[in-house]
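This report concerns only the one structure given below.
The values are calculated or read from the model by the stated rules, or taken from the named source; none is laboratory data. Computed from a predicted model, the values in this text were never measured in an experiment. Cβ sites come from the backbone with ideal geometry, for glycine too, and all protein chains shown count toward neighbours. Protein only, heavy atoms only, side chains kept; ligands, DNA and RNA dropped before computing areas. Shrake-Rupley method; radii C 1.70, N 1.55, O 1.52, S 1.80 Å.
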Number of protein chains: 2
Amino acid sequence: MTLPTHVKLIDVGPRDGLQNEKQTVPAAVKIELVHRLQDAGLKEIEVTSFVSPKWVPQMADNLEVMAGIARQSGVRYSVLTPNMKGFEAALASKPDEIVVFGAASEAFSQKNINCSIAESIERFAPVVAAALAAGINVRGAMSCTVGCPYEGDIAPERVGYLAGLMKGIGVQRVDVADTIGVGTPLSVQRAIEATLAHFDLNHISGHFHDTYGQALSNTLAALQLGVFNFQSSVAGLGGCPYAKGATGNVATEDVVYLLHGMGIATGIDLDKLIDAGQFISDFLGRPTNSRVGKALLNKRLSA
Amino acid sequence: MTLPTHVKLIDVGPRDGLQNEKQTVPAAVKIELVHRLQDAGLKEIEVTSFVSPKWVPQMADNLEVMAGIARQSGVRYSVLTPNMKGFEAALASKPDEIVVFGAASEAFSQKNINCSIAESIERFAPVVAAALAAGINVRGAMSCTVGCPYEGDIAPERVGYLAGLMKGIGVQRVDVADTIGVGTPLSVQRAIEATLAHFDLNHISGHFHDTYGQALSNTLAALQLGVFNFQSSVAGLGGCPYAKGATGNVATEDVVYLLHGMGIATGIDLDKLIDAGQFISDFLGRPTNSRVGKALLNKRLSA
C-alpha cells in the first residue's frame, strides 16, 4: 500500500450540505459555520451557489454570506455557478474558485439540468473561459460517476468521456462523485482510473456519499490509488434526495478520523471540527450524521 | 489487490447483538430471527450464551432458543461458554461450536471478567479440552485487539500474546475483534498480522464495530490481507456499552453490500437479509442501524 502522507479536505457542508434544507438557515449561521470550519483547519470550503433562487431558495443569500466571511489567507472559498448569469453574479463575491457540474449519466443530466452531457459542457465553456480570464480557479464536479438513479451502473468509459470534455473546455480539476452512494471500492477505483486518463492526481478529488455506508471504504480505495483530495460535509450535512432519511455526504469528521488513524496529516483539529458539526446540528435541531461526532460527543458526556 | 473470491459471514446478532437489550426479547422472536438469517443464506450464527442469568438475563432462555431452532444442514450454530458450568449447560443444546473469549488488554480483562489474561486462559483450558473431546468446535473471541476503553491503544504484541495463549490451549480459530470500534485500516491490519503468527487465514475472522463508522474500511483492509471470515450483526444489533446511542457491531447488510459490490460471493440474499433486519428492528421498535437497510427500505417505499 502506497498511501499519501497528506490529504486536503474540501468541506462542502455550507453549500452541498445545506442547499436542500427545508428550514431557512440565516446567513449569519452559514457565516458562523464557515468561520468554525476554517478555525478547525479546513483550507477549502464550498460556501454557496449562484443558482436561481427559484430552484435553490436556500442559497439566495449567496452575496451576503460571501461578504460576511472574515477570510483567512490560505483558505480557498468556492461557489457553484451553473451558467453565465450565475457566474456574473458570483464575480462580485470574489470567489477563489467556481464550480461547474456535469453528470456521467445522460439520463441524470437530462433530469437534473434538462440537457445532454455535451450540451451542458457547451453551456459551461464560456463560464470556464470567463473565470480563467478573471484569474479565478475552475473545478468541475462530475456527478453519478459510479451509479445513477435512472440508469443504474455507469460505465467507466462514460466517466472518461465527461472528464475529457471537462478538460477540453479548460476545467482545471475535477471531483469524481458517487452522488447516490452506491459505489464500492472497485467500482470507485474504476471511475477514478478513467478520470486519470485526463487529469493527474493533483487535480482529482473524491466525493463520496454514505447512503449505503460505503464512503470510508471507498475513500480508502481512492487513497490506495494515490488520491489526496477529498470532499466531505461537516456533520454529514446533506441528505440524499433519492432516499429520504438516508445519509448523504460522508461526514468530514469520519474522514478525518480515518486519515489521522492511518497517520495521514490533514491539518484539521478534530475536536474543533466536532464543535462545528454540533453547532450546525443544534441549529438544525437534529443529531449529527457523523458517527465519529456521535461517539466522541458521547465520550465527552461520560468523561 | 489480491482479494478473496468468497467470504463467510458469521452473524452474531442473536447473541452479541441482543445480549445488552433492556427489553426482554422472547425466545420465539430469537428463534424466528435465527430462521430468517439461515433462510437468507447465513451459514454461521452465534445463537446465545451460557452465562449466568444474573449477569446476562437476556440469554437465560438459551436452552429454549437452541431447542426451538429448525436446524439446517451446513449451518453452524455457536454458543458462548465462559466456564465449565456454562459449557456443561450448553452441552445439552448440542452446539456445533462453542466460543470462549479473552481480551488483548489486561485492564479490560480485569474489568470485564475479573482476572488477568493468563488466568482467563487457564480458566478456559478445561472448557476447550472438554469441547474438543466431545467433538465440538472451539472459537476464541479476542476482544480489544486494537483499542481498549481503559488502556487506549493496544500494541500488536499483546494480540500476538493472546493468540499464542489461545492456540496453546487448543482453540481452533480466533476472532480479531475491535470491540470499541476505534481501529482504522492500518491498526486493524497490524492486529491481524500479529494473529497470523499463530493462526492461518482459514482460522481468523475479523470482527469490527462501527462506533466510529470505520468498520467497512477496516473490512476492506482485512480483505486485502486475505481474511475471508467476518462477523457482523443483522441490522447492526448491539450498541456499544461505552458510548450510549452510538452504533456497535457492523451491520451484516452493510458488509454484504460491500462484498457483493466488489464481486465477492457470500451466498447471502441481501433482500431476505434486510427483511430479517426489519423483523427484529420492528420488534425492538427502532429503525435499523444498517445504512444499506435504511437505503434499500427507502428505495422499496419509493418504488
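As a test question: what accessible area, to the nearest 10 Å², does B:HIS6 have when a 1.4 Å probe is rolled over all protein chains in place?
Surface open to solvent at B:HIS6 totals about 120 Å².
Quick one: of the DSSP bridges fully inside chain A, what percent are antiparallel, nearest 5? Can you show the working numbers first?
Working: 3 of 37 bridges.
Antiparallel: roughly 10 percent of the beta bridges in chain A.
Along Cα-to-Cβ, 7 Å out, sits the label point; list in nm, shortest first, how far the one on A:ALA155 is from those in the other copies.
Between copies, matching label points for A:ALA155 lie 5.5 nm apart.
Any idea of B:SER52's accessible area? Nearest 10 Å², probe 1.4 Å.
Number for this one is 50 Å².
Within 10 Å of each Cβ in A:222-231, how many Cβ atoms from other chains are there, averaged over the peptide? Walk me through the numbers on the way to the answer.
Details: counts 0, 2, 5, 0, 0, 0, 0, 0, 0, 0.
For peptide A:222-231, the averaged partner shielding equals 1.
Can you list residues whose amide H is under 5 Å from B:GLY248's amide H, if they're 5+ apart or on another chain and H is modeled 1.01 Å from N?
Result for B:GLY248 returns B:ASP210, B:CYS240.
Any chance you could run the full-extension gain for B:HIS260 through B:THR24? It's 0.36 nm times the residue separation minus the Cα-Cα distance, nm to one decimal. Write out the running numbers ahead of the final one.
Values: separation 236, 0.36 × 236 = 84.96 nm, distance 3.44 nm.
Here the segment from B:HIS260 to B:THR24 would lengthen by 81.5 nm.
Taking only protein heavy atoms and a 1.4 Å probe, what accessible area per residue, in Å², does the stretch A:108-153 have with all protein chains in place?
Details: 1920 Å² over 46 residues.
I get 42 Å² per residue for this part.
Mind checking which chain B residue has its Cβ closest to the axis relating B to A, and how many whole Å off it is?
Nearest residue, distance rounded to whole Å: B:SER217, 2.
Write down, largest first, the equivalent ellipsoid semi-axes of the stretch B:8-302 in whole Å, where each equals the square root of 5 times an eigenvalue of the alpha-carbon gyration tensor. Present the calculation step by step, with values, prior to reporting the outcome.
Working: eigenvalues 140, 104, 64 Å².
In descending order, the three semi-axes are 26, 23, 18 Å.
When only Cα pairs under 8 Å and 6 or more residues apart are kept, what is the percent relative contact order across chain A? Don't skip to the end; give the middle numbers.
On the way: 630 pairs, mean separation 58.9, N = 303.
Taking the mean separation of contacting Cα pairs over the length of chain A, I get 19 percent.
I need the phi-derived Karplus couplings for the stretch A:23-40: 6.51 cos²θ - 1.76 cosθ + 1.60, θ = phi - 60°, integer Hz, Gly and Pro marked x.
6, 6, 9, x, 4, 4, 5, 5, 5, 4, 4, 4, 4, 5, 5, 6, 5, 6
Per residue of the protein assembly as shown, what 222 nm ellipticity follows from adding -39500 (n - 2.57) for every DSSP H run with n ≥ 4, rounded to the nearest 500?
Numbers: 22 runs with 247 residues, N = 606.
Using -39500 (n - 2.57) per qualifying helix, the result is -12500 deg cm²/dmol.
With both partners inside the protein assembly as shown, how many of the DSSP beta bridges are antiparallel, as a percent to the nearest 5?
On the way: 6 of 74 bridges.
Close to 10 percent.
For the stretch A:167-176, in order, what is each residue's ³J(HN,Hα) by Karplus, 6.51 cos²θ - 1.76 cosθ + 1.60 with θ = phi - 60°, in whole Hz (x at glycine and Pro)?
4, x, 9, x, 4, 7, 8, 10, 9, 9
Measuring from a point 7 Å out along Cα→Cβ, what nm distances, shortest first, does A:ASN202 have to its partners in the other copies?
So the label point of A:ASN202 gives 5.1 nm to the other copies.
List the residues whose amide H sits under 5 Å from the amide H of A:THR48, counting only those 5 or more places along or on another chain, with H placed 1.01 Å from N in the peptide plane.
Placed amide hydrogens put A:LEU80 under 5 Å from A:THR48.
Using θ = phi - 60° and the Karplus form 6.51 cos²θ - 1.76 cosθ + 1.60, what ³J(HN,Hα) does each residue of the stretch A:277-283 get, whole Hz, x for Gly and Pro?
These are the phi-based 3J(HN,Hα) values: x, 5, 4, 6, 5, 4, 4 Hz.
Within chain A, how many Lys pairs that are eight or more residues apart, or on different chains, come under 18 Å at the alpha-carbon?
15
Starting from a label point 7 Å past Cα on the Cβ side, list the distances from A:ARG300 to the same position in the other copies, nm, shortest first.
Relative to the other copies, A:ARG300 has label-point distances of 3.8 nm.
What quantity of accessible surface, computed with a 1.4 Å probe and excluding non-protein components, is buried in total between chains A and B, in Å² to the nearest 100?
Numbers: alone 12490 and 12520 Å², together 22060 Å².
Result for this pair: about 2900 Å² buried.
Taking the Cβ of A:HIS203 as the center, what net charge do the other residues with Cβ under 11 Å away carry, scoring Lys and Arg +1 and Asp and Glu -1? If you can, show how the numbers build up before the last one.
On the way: positive: A:ARG139, A:LYS167, A:ARG173; negative: A:ASP175, A:ASP200.
Combined, the nearby Lys, Arg, Asp and Glu give +1.
Per residue Cα convex hull volume for the protein assembly as shown, in cubic angstrom?
On the way: hull volume 83.0 nm³, N = 606.
Convex hull volume per residue, Cα atoms: 137 Å³.
Enter the Cα centre distance for the pair the stretch A:12-78 and the stretch B:80-123, rounded to the nearest angstrom.
Each part reduced to its Cα centre gives a spacing of 54 Å.
Counting only protein heavy atoms and using a 1.4 Å probe, what share of the accessible area of chain B belongs to carbon plus sulfur, as a whole percent?
On the way: 5920 of 11040 Å².
The computed percentage sits at 54.
For the stretch A:251-294, list whatever residues lose no less than 30 Å² of accessible surface once every protein chain is in place, relative to that chain by itself, with the probe at 1.4 Å.
The answer is A:TYR257, A:LEU258, A:GLY261, A:MET262, A:ARG291.
Can you list residues whose amide H is under 5 Å from B:ILE10's amide H, if they're 5+ apart or on another chain and H is modeled 1.01 Å from N?
It is B:PHE230, B:GLN231, B:SER232, by chain and number.
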